[in-house]
1. Pull out all pairs, ordered by first then second residue, where Cβ-Cβ is under 6 Å, the residues are six or more apart or on different chains, the first lies in the range B:131-157 and is more than 30 Å from B:GLU217 (Cβ to Cβ), and the second is of a type in the set (A, V, I, L, M, F, W, C) and not in a helix (DSSP H, G or I).
2. Count, please, the residues in the range A:36-86 that happen to be of a type outside the set (Lys, Arg), within 13 Å of chain B (Cβ to nearest Cβ) and assigned to a helix (DSSP H, G or I).
3. Which residues, counting only those in the range A:106-125, are more than 7 Å from every other protein chain (Cβ to nearest Cβ) and of a type in the set (Ser, Thr, Tyr)?
4. Could you give me the residue pairs with C-beta distances under 8 Å whose first residue belongs to the range B:211-231 and is more than 22 Å from B:GLY107 (Cα to Cα), whose second residue is charged (D, E, K, R) and outside any loop (DSSP other than H, G, I, E, B) wherever it lies, and which are 6+ apart or on separate chains?
5. Just for helices (runs of 4 or more DSSP H) wholly inside the range A:126-203: which have at least 3 residues that are more than 7 Å from chain B (Cβ to nearest Cβ) and either small (Gly, Ala, Ser) or touching a residue at least 40 places away in the same chain (Cβ under 8 Å) (or both)?
6. When you scan the range A:219-280 for helices (runs of 4 or more DSSP H) that lie fully inside it, which ones turn up with 3 or more residues that are loosely packed, with under 13 Cβ neighbours inside 10 Å?
7. Filtering the range B:90-127 down to residues that are touching a helix residue (DSSP H, G or I) at 6+ places or on another chain (Cβ under 8 Å) and among the β-branched types (Val, Ile, Thr), which residue is farthest from the other protein chains (Cβ to nearest Cβ)?
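What follows draws every value from the coordinates through simple rules; no lab data is involved. Worth saying up front: this structure is predicted, and the values here are computed from it rather than measured. Cβ placement follows ideal geometry from the backbone for every residue including glycine, while neighbour counts extend to all protein chains displayed.
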Amino acid sequence: MRKSFFEASARERLLGVVDPGSLKEFLPPSARQTSPHLNLLDQPVAFDDGIIVGAARLDGAPILVAAQEGRFLGGAVGEVHGAKLVGLIERARAAPVAPAAVLLLFDSGGVRLHEANAGLLAVSEIIRALLRARRDGLRFIGLIGGSSGCFGGTGLIARCCDALVISEEGRLAMSGPEVIETVRGVEEFDSRDRALVWRVTGGKHRYLLGEVDSFVPDETAAFRAAAIGLLQRPAGLDLETVEREHAFLARRWERFGNCDDAPEIWRELGVPLPLQVPGLAAADFVALAQPCRDQP
Amino acid sequence: MNRDLLLPALFPQGFTLEEDQDDFFRGTALVADETVLLVGSRNAVEIGVDLALRISAAVLTTLRTHPGRPVVLLLDTQGQRLRRRDELLGLNGYMAHVAKVMEVARGRGHPLLSLVYGQAVSGGYLTSGMMADAAFALEDAEIKVMNLPAMARITKIPLERLEALAQVSPVFSPGAGNYFQMGHIDAIWKPDPQEAPGALARALADAIAQVRAGTSEDARMQRGAQRGGRTSAEAVARAVRQHA
């Protein structure tokens with residue numbers, strides 16, 4: 001039976017991605033570690049503050065995992081939510097036997113505005129801990145296909161990972177279209193134009209730009225298979241890594257800096273019939289995109 | 001504080017700007033007889049794809065040409081650029097790239113320091129100034145995610161309620177002092193060169209020496225707990241780290 005990754009809860013996704021029976025959760029909901037700031041504001045709280053963290057196995061290999069719950073305040077990062085992720089990364093660094101990967105199931109609009117400063121600081125600490133761990137050679141794999149997408153601070157965290165898997169439904173960007181429309185007007189970004197939003201922030205465009213490594217259909221089993229496939233990917237963060245990325249990003253800016261919409265970029269990349277890209281099923285899209293997509 | 005007043009106050013031994021356009025600047029300066037790389041933004045500029053590339057290029061070049069040279073970021077930014085075109089190119093990837101360059105610099109022994117002398121907002125600050133080993137702000141600088149009225153609108157919590165809570169908690173409202181209490185800011189500098197000539201320069205020199213003597217591990221959670229501004233983070237992270 002095919003299970004939609006997009007429609008699943010964080011727990012359903014996580015249980016579907018890791019090896020059956022292998023998940024061991026840290027600070028589970030029974031610990032009732034809720035946000036002190038939401039309490040202060042008399043807002044609803046979650047007993048896991050919207051993120052599951054734990055240890056598991058993936059294709060037999062020991063990993064650490066985290067999954068954000070997009071249904072709780074849009075998966076946004078607050079003080080407790082963020083500290084759970086920082087603790088998980090520190091645990092990976094301190095482990096006597098390094099995990100094969102730290103797997104992050106993103107589903108988040110970014111900083112939780114109800115606890116603004118604490119959320120921003122938490123995202124900063126996650127980024128710093130993650131990149132420090134990458135210097136040690138730990139591998140971070142991110143999965144993007146949840147209902148709240150991967151925006152703001154979470155979009156930054158995702159792009160700090162070694163490798164990303166995305167579905168067409170999985171949006172990845174910095175500012176959400178609504179924010180841009182509010183500040184700059186509907187002419188700049190019409191957030192109700194669904195097709196435009198998917199073209200600019202959606203998985204297909206991110207795959208063609210070379211920002212993500214795998215494109216999968218919206219099925220939990222497909223995300224699992226892609227994550228397993230990335231376990232052998234070289235890890236590490238050093239001067240050569242960032243110099244290569246710099247050249248890649250500078251070239252993209254030179255080539256596409258004047259493009260207004262995604263199909264212009266796709267045409268420039270040599271994608272045949274770029275206007276048909278949004279309508280293609282996942283397998284057909286990958287067959288079309290793989291030979292011409294940009295890559296570091 | 002104005003950038004052109006800040007530079008001489010911060011670098012009385014001298015500084016040279018090699019690039020100074022589009023509200024981005026880059027150069028070198030002398031701090032306690034040592035040359036530092038100077039990278040900054042001015043006029044509260046938005047950080048877009050191009051600026052992120054220029055910040056990372058400046059640091060990357062120094063990693064190759066001057067091993068161990070301190071990096072001083074001087075920031076005044078209203079945050080990430082809110083344009084469709086930047087999002088189309090993947091602005092978050094360009095900003096994450098800045099963070100990676102900073103982390104690689106740290107690993108290669110370059111002390112990283114940041115000073116907010118105007119504004120620092122969310123995405124524009126996260127992967128630059130917030131990556132520093134030591135982060136400072138001038139007294140009148142503003143660090144924030146958003147103002148309370150915007151927060152009230154989005155969260156649908158009455159503004160009066162948020163204003164009252166902001167009096168007792170550093171979590172909600174803008175301000176360098178709140179970020180100090182929460183453990184992020186090392187110190188708030190008073191920018192009066194008349195009253196205390198040389199004070200800023202001495203503070204910067206001391207900060208570089210302290211970073212060199214330190215462990216380069218992120219201690220902001222512990223500091224936030226010690227200062228009473230962030231009471232949960234450290235304990236939660238420890239619980240996850242040590243969970244049997």
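1. Pairs that qualify, where the first residue is more than 30 Å from B:GLU217 (Cβ to Cβ) and the partner is of a type in the set (A, V, I, L, M, F, W, C) and not in a helix (DSSP H, G or I), are B:ILE157/A:LEU41.
2. Total meeting the criteria: 14.
3. Matches in the range A:106-125: A:SER108 only.
4. B:GLY224/B:GLU234; B:ALA225/B:GLU234; B:ARG230/A:GLU79
5. Ranges flagged: A:152-159, A:194-201.
6. Values: elements: A:220-230, A:239-256, A:262-269.
Those helices (runs of 4 or more DSSP H) span A:239-256.
7. Only one residue fits best here, namely B:VAL116.
For (1) surrounded by fewer than 18 Cβ atoms within 10 Å (Cβ to Cβ); (2) within 14 Å of chain A (Cβ to nearest Cβ); (3) closer than 22 Å to B:LEU82 by Cβ, each residue gets a yes or a no:
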site: B:GLY129; (1), (2), (3): no, yes, yes
site: B:LEU162; (1), (2), (3): no, yes, no
site: B:PRO174; (1), (2), (3): no, yes, yes
site: B:ALA196; (1), (2), (3): yes, no, no
site: B:ALA199; (1), (2), (3): yes, no, no
